[in-house]
Amino acid sequence: MLRVESMAFSTKPLSVIKHRKPVLIKTLQGEENFRFRLQEYGFIPGAWVSIDSVIGFGDPVAYSIQGGKVVLRKEDARYILVEE
C-alpha cells in the first residue's frame with residue numbers, strides 16, 4: 001500500500017527570510033490601504049519574491065518581484081506572509 005503524507009507548509013513574514021531563494025507570497029496583512037499599496041508594488045498572493053540586496057545594516061531590503069525591484073523596510077515586509 002502506498003502511503004502519501006501531506007506536506008504541511010508554514011508561512012512566515014518576508015522580513016525574516018535571510019536567503020536569496022525565491023519564496024511564494026501567500027497573503028498580505030495590515031490595513032486595507034497598506035495592502036493595496038503593496039499590491040501596486042507587485043506583492044500579490046501567488047507571486048514569487050526573492051531578496052536582491054540588503055542595504056545598509058540590513059534595513060531596508062531590496063526585493064526582486066515580477067521582473068522589477070522594490071525596496072521595503074523590514075517593518076513593512078513583516079506584513080507579507082510567504083511560504084518557502
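The values are calculated or read from the model by the stated rules, or taken from the named source; none is laboratory data. Given the structure is predicted, the values throughout are model-derived calculations rather than measurements. Virtual Cβ from ideal backbone geometry, glycine too; neighbours counted across all protein chains shown.
One table, with the values for the structure above:
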item	result
Some residue of region 36-59 being in contact (Cβ under 8 Å) with a residue 12 or more places away in the chain, out of contact with any strand residue (DSSP E or B) (no Cβ under 7 Å at 6 or more places or on another chain) and surrounded by 13 or more Cβ atoms within 10 Å (Cβ to Cβ)	yes
Hey, R35 modelled with pLDDT of 90 or more and either assigned to a loop (DSSP other than H, G, I, E, B) or of a type in the set (D, E, K, R) (or both) or not	yes
Near pairs, Cβ below 7 angstrom, 6+ apart or cross-chain, from region 17-35 (without any contact (Cβ under 8 Å) to a residue 12 or more places away in the chain) to any residue that is assigned to a helix (DSSP H, G or I) and exposed (fewer than 12 other Cβ atoms within 10 Å of the Cβ)	none
Selection from region 12-26 of residues that are in contact with a Ser or Thr (Cβ under 8 Å, 6 or more places away or on another chain) and closer than 12 Å to D52 by Cα	R20, K21, P22
Pair list, Cβ < 6 Å and 6+ apart or interchain, from region 71-84 residues that are farther than 14 Å from Y41 by Cα to residues that are in a helix (DSSP H, G or I)	K74/S15; R78/S15; V82/L14
